[in-house]
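Colleague: Pasting in a structure now, in structure tokens, and then I'll have a few things to ask.
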Amino acid sequence: MPGAPSRTQDVWVILPTYNEAENLERIVAAIREHLPPSGRVLIVDDNSPDGTGEIADRLAGSNESVSVLHRDLKQGLGPAYLAGFRIALDGGADRIIEMDADFSHDPAYLPMLIDATDRADLAIGSRYVPGGGITDWGPARRFISRGGSAYARAALGLPVRDLTGGFKCFRRVVLEAIDLDTIEARGYAFQVETTYRAIKSGFRVVEVPIVFKDRTDGTSKMSKSIVAEAMWRVPAMRFRRR
Ligand SMILES: Nc1nc2c(ncn2[C@@H]2O[C@H](COP(=O)(O)OP(=O)(O)OP(=O)(O)O)[C@@H](O)[C@H]2O)c(=O)[nH]1
Ligand SMILES: [Mg+2]
């Protein structure tokens, strides 16, 4: 229709939140600064007790490009992303981005991550390739993260350096192909599983360097059970009938 606003809504950022009241408004503004004008932000909030959901509603009310999915229960990152992916796919997304809401993933990297999917099907923001890194983490956290990626790489025989990171851009074909309905992982294992399935399905995966910053506001949802889940679920992925 001549004069109608563009309906192209090609890039969607899925932003899972649980108690990110201190970060949400600032991160959404920063994301929008770095997205193309047609880009969209979908906040997936699991009924955060700190009022994140109300902030999300306010942002969605005042920005046409922002929307919110409210879920009743905190079920972990994996189920939140899956619900967000389905909405993005239904909405016609061409590229779907995962990122944290706590500024660990710098929105300034968004254009680079999106551009990387011109030559690949999945682009991973990677801490463990030349040019990538981590600021502020102590030795214990570094060990868990690096060890986790090395463990998954060895267990699954994958050539990817950063398997547990959560700053990724998928082409829609990848999410359509990897059978989202059978992914049960909730924590880091979710990141490993989506990349594993993408590679097993024959898609091209690239790692682009990012420097990951520790969160300064809000609290971590990292837990022993998330690490434990990854320990058993990652090797089990190999034996899953696909
Ligand atoms: N919707 C939803 N979001 C979650 C859940 N758990 C974590 N998140 C969000 O997922 C992102 C990553 O979680 P973080 O707590 O930062 O986990 P992390 O990066 O491993 O830990 P830190 O380095 O301590 O921040 C953040 O935006 C969280 O708010 C959940 O169960 N549901
Ligand atoms: Mg974090």
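The values are calculated or read from the model by the stated rules, or taken from the named source; none is laboratory data. Since we're looking at a predicted model, the values are computed, not measured. Quick reminder, even Gly has a Cβ in these numbers, built from the backbone with ideal geometry, and neighbours come from all protein chains shown. Ligands, DNA and RNA are excluded from the accessible area calculation, which covers all protein heavy atoms including side chains. Shrake-Rupley method; radii C 1.70, N 1.55, O 1.52, S 1.80 Å.
Colleague: Quote to one decimal, in nm, the extra length available between ALA236 and GLU33 on full extension: 0.36 nm per residue of separation minus the C-alpha distance between them. The partial results should precede the final answer.
Modeller: Values: separation 203, 0.36 × 203 = 73.08 nm, distance 4.03 nm.
In short, 69.1 nm is gained.
Colleague: Provide the per-residue ³J(HN,Hα) series for the stretch 181-195, in order, calculated from phi with Karplus coefficients 6.51, -1.76, 1.60 and θ = phi - 60°, each as a whole number of Hz, with x at glycine and proline positions.
Modeller: With the stated coefficients, the stretch 181-195 comes to 4, 9, 8, 10, 5, 10, x, 4, 4, 4, 5, 4, 5, 5, 5 Hz.
Colleague: State, to one decimal in nm, how far the label point of ASN47 lies from the label point of HIS70, with both points 7 Å from Cα in the Cβ direction.
Modeller: In this crude label model, ASN47 to HIS70 measures out at 1.1 nm.
Colleague: Follow-up. Within the accessible area of the stretch 117-242, what % is carbon and sulfur when the probe is 1.4 Å and the other protein chains stay in place? It would help to have the intermediate numbers written out before the result.
Modeller: Numbers: 3420 of 6090 Å².
C and S fraction of accessible area: 56 percent.
Colleague: Quick check on the chain: helices-only [θ] at 222 nm, where DSSP H runs of length 4 and up contribute -39,500 (n - 2.57) each and the sum goes over total residues. Nearest 500, please.
Modeller: -12000 deg cm²/dmol
Colleague: With the cut-off at 1.5 for a/c, could you classify the stretch 178-231 from its C-alpha gyration tensor as rounded, prolate or oblate?
Modeller: Details: a/c = 2.75, a/b = 1.35, b/c = 2.03.
In terms of gyration-tensor shape, oblate.
Colleague: Also, I was wondering about something else. Amide H neighbours of VAL44 under 5 Å, counting only residues 5+ apart in sequence or on other chains, H built in-plane at 1.01 Å?
Modeller: LEU15, THR17, LEU69
Colleague: Hey, another quick one. Just to be sure I understand: with springs between alpha-carbon atoms less than 10 Å apart, which residue in SER48, SER67, SER38 has the highest mean-square fluctuation in the Gaussian network model of the chain?
Modeller: Evaluated over the chain, the most mobile residue of the options is SER38.
Colleague: Of SER201, SER104, VAL234, whose Cα points farthest to the positive end of the dipole of the stretch 90-242 (charges on the beta-carbon: +1 Lys, Arg; -1 Asp, Glu; origin at the Cα centre)?
Modeller: VAL234
Colleague: Next up: On full extension of the chain, what length is gained from SER62 through SER201, given 0.36 nm per residue of separation minus the C-alpha to C-alpha distance? Numbers along the way, then the final one.
Modeller: Working: separation 139, 0.36 × 139 = 50.04 nm, distance 3.98 nm.
Full extension from SER62 to SER201 adds 46.1 nm.
Colleague: Please tell me the relative contact order of the chain in percent, rounded to the nearest whole number, where contacts are Cα pairs under 8 Å and at least six residues apart.
Modeller: Working: 443 pairs, mean separation 55.8, N = 242.
Computed over the chain, the figure is 23 percent.
Colleague: Another question, if that's okay. Which length gain, in nm to one decimal place, applies between VAL211 and ASP94 when the Cα-Cα distance is subtracted from 0.36 nm times their residue separation? Numbers along the way, then the final one.
Modeller: Values: separation 117, 0.36 × 117 = 42.12 nm, distance 2.58 nm.
Difference between extended and current length: 39.5 nm.
Colleague: Which angle from 0 to 90°, rounded to the nearest 10, does the C-alpha axis of helix 24-34 make with the longest principal axis of the chain?
Modeller: 90 degrees
Colleague: Using a simple spin-label model with points 7 Å from Cα along the Cα→Cβ vector, what separation in nm is obtained for ARG86 and SER220?
Modeller: Using points 7 Å along Cα→Cβ, the separation is 3.2 nm.
Colleague: A follow-up question, please. Relative to the Cα centre, what is the charge dipole magnitude of the stretch 179-242, using +1 at the beta carbon of each Lys and Arg, -1 at the beta carbon of each Asp and Glu, and rounding to the nearest 20 debye?
Modeller: On the way: 13 positive and 8 negative charges, 52 e Å.
Charge dipole of the stretch 179-242: 240 debye, to the nearest 20.
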